[in-house]
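What follows is one structure encoded as structure tokens, with my remarks underneath.
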Amino acid sequence: MARHLITSAIPYINGIKHLGNLVGSQLPADLYARYLRARSHEVLFLCATDEHGTPAELAAAKAGKPVAEYCAEMHDVQAGIARGFALSFDHFGRSSSPQNHRLTQHFAHRLKEAGLIREVTEHQMYSVADGRFLPDRYIEGTCPNCGFESARGDQCDNCTKQLDPTDLINPRSVISGSTELELRETKHLYLRQSAMRGQLEQWILSKTEPTGEIRNGVEMIRTTWPILTTSIALKWLRDGEGLQDRGITRDLDWGIPVKDGDADWPGMEGKVFYVWFDAPIEYIACAQEWVDAGKGTDWERWWRTDKGADDVRYTQFMGKDNVPFHTLSFPATILGSGEPWKLVDYIKSFNYLNYDGGQFSTSRGRGVFMDQALAILPSDYWRWWLLSHAPETSDAEFTWENFQASVNKDLADVLGNFVSRITKFCRSKFGEVVPEGGAYGDQEQALIADLTARVAAYQAQMDAIEVRKAAAELRAIWVAGNEYLQSAAPWTTFKTDPAVAAMQVRLGLNLIRFYAVLSAAFIPDASAGLMAAMQTDDWSWPDDVAGALQALPPGHAFNVPEVTFRKITDEERADWQTRFAGIRA
């Protein structure tokens, strides 16, 4: 059985993340990790805060704090919010860790030895008003590709095109807003990605297979990665002049100092590595942090194929804007090192979640942020909506009307109503114990057969990491129980045949445990509450549905739970819609 290494794109440290960030990486990664653990797989699930680069410096300056102090505080804040959303990281690390410093400098040394780093004398934007060089994210301007007026000097958030500061039209300093910018000479290191184009393309194409179909003289391919992931990677490889070399150093005060392994790098004094060079390396360093924190042993068996990682299946989760770095730049670092590091097997990428007709934005404070969400509703409400509406095949839209309708229908009316009806009816007629009755009849056997097929379909979608389809299959399983309960009508049967009604109730109570186990990856807190109400800690996966629906025997005590999910009122929805219509301060 394969061991599973799962990483979620590491969030920038520059503030609390919004719901779009959550559904684009951390939340679906947690869903998958929880599901695999429930199926008895060995899982290592890692994430961290991305603490280097201009976002950290700018946020710290705005907060009036030293960068190191700001990053430490925000890491604690983000870790606490992650716990609030029940994100089950095995370790939540920091890219500023000593482990990542050492490993990043090690990779730079290996790449230099392989001839894959070159020193470039270039002209970089210098702000006369600020008295300093301005790295990529210290500059904003108009994107030359799509015309977006707030494109950054490294990438356009609107069209995802990778940029250099000199590409921007009408550039300005993020620090002062000054347009008094001039080009001055400076030296930087570049990763020779172009020299690895063939190797990277071969690796990406190894994740595809030919279909035999020819269109316009080109053979079509079928990808084992999501189409979104593969299309972005191949576009970057093949469009225009193809894959370009990428600067991996910056003129910044905060970051990992440029070193050649343990040695100084002549000419690079006072410079740091580019955040997108060191951030993916933190995935590996995070495993070292996990061991050093006493949470695990032997991190190398997860990351080095010469130390046992050859049986590891590595899955990454990220938004589509991160795909180029994870399909090209980070693999170039891994492959270029010449060392036996584990390469990713599957990249699950997501489109954008938009907010009420516009974009979520951390830097601009637009949308609902994770702390705000937890302040108004428990995490499972958000987890269910976000996962069941995950932007997999296209961008998705969060609206308060849709959120209210989905929560009220799926969670309150379907799942919550089932739990309430069966437990309260049992208490009124048989007490708070599982009643006996007789053996399951034809109607119950038909339900078991139906659920067996539905569980198989649910597992297939979860195995394939088809998040929305998995949510739909899970909801169908909930609906099947409701339809059975409505058809069997034990409250009516009880009047003429209490024994049969008892059997129907026994099945209904077992369905609650069954639902809790299957639903735990989506709604872990509610599932734990249902298991507690059923007074059981048997979380075994229902490989045998018939057996699973006998797990709570006659005489087993239970408690009638509080409301599993309450409905969102129109007044609440209107209030929240107004409250979150503006910009977060």
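All of the numbers you see were taken from the coordinates with simple rules; none came from a lab. In this text the structure is predicted, and so the values were computed from the model without any measurement. As a convention, Cβ positions derive from the backbone with ideal geometry for all residues, glycine included, and neighbour counts pool all protein chains shown.
Of note:
- Dipole of the chain, positive direction: furthest Cα of Val407, Pro340, Gln550, with charges on the beta-carbon: Gln550
- Antiparallel %, DSSP beta bridges [both residues in the chain], to 5: 60 percent
- For Glu397, the residues 5 or more places off, or on other chains, whose built amide H falls under 5 Å of its own are Asn354.
- Arg83/Ser487 FRET efficiency (R0 35 Å; Cβ-Cβ; nearest 0.05): 0.25
- Formal net charge of residues neighbouring Thr423 (Cβ-Cβ distance under 14 Å; K, R +1; D, E -1): +4
- A Förster distance of 51 Å, applied to the separation of the beta-carbon atoms of Val563 and His41, puts the FRET efficiency at 0.90.
- Cα gyration tensor shape for segment 399-548, rounded if a/c is under 1.5, else prolate or oblate: prolate
- Listed values [x] 1.05; [y] 0.98; [z] 1.02, entry calculated as Rg/Rh (Cα atoms, Kirkwood Rh): [z]
- When only Cα pairs below 8 angstrom with a gap of at least 6 residues are kept, the chain shows a relative contact order of 16 percent.
- Ordering of 315-322, 261-268 by packing is 315-322, 261-268, highest average first (other Cβ atoms within 10 Å, averaged per residue).
- Computed extension gain for Ala581 through Glu436, at 0.36 nm per residue and net of the alpha carbon distance, reaches 46.8 nm.
- For the chain, Cys with no neighbouring Cys Cβ under 4.7 Å: Cys47, Cys71, Cys286, Cys426
- Of Pro144, Phe565, Ser176, farthest towards positive along the dipole that unit charges on Lys, Arg, Asp, Glu beta carbons give the chain: Phe565
- Protection-proxy order for peptides 115-126, 343-354, 401-412, 2-13, each taking the mean of Cβ atoms within 10 Å per residue, highest first: 2-13, 343-354, 401-412, 115-126
- Backbone N within segment 68-107 under 18 Å of label point (7 Å from Ala61 Cα along the Cβ vector): 68-71
- Compared with the direct C-alpha span, the chain from Ala446 to Ala375 gains 21.3 nm at full extension, assuming 0.36 nm per residue.
- Charged neighbours of Met503, selected by a Cβ distance under 11 Å, balance to -2 (K, R count +1; D, E count -1).
- Protection proxy ranking, highest mean first, for peptides 304-310, 89-95: 89-95, 304-310, where packing is the per-residue count of other beta-carbon atoms within 10 Å, averaged.
- Gain on full extension, evaluated as 0.36 nm per residue between Glu572 and Asn158 minus their Cα-Cα distance, stands at 145.8 nm.
- Evaluated with a Cβ-only charge set (Lys, Arg +1; Asp, Glu -1), the chain carries a dipole of roughly 660 debye about its Cα centre, given to the nearest 20.
- Percent RCO, i.e. relative contact order, over segment 468-585, from Cα pairs under 8 Å lying at least 6 residues apart: 19 percent
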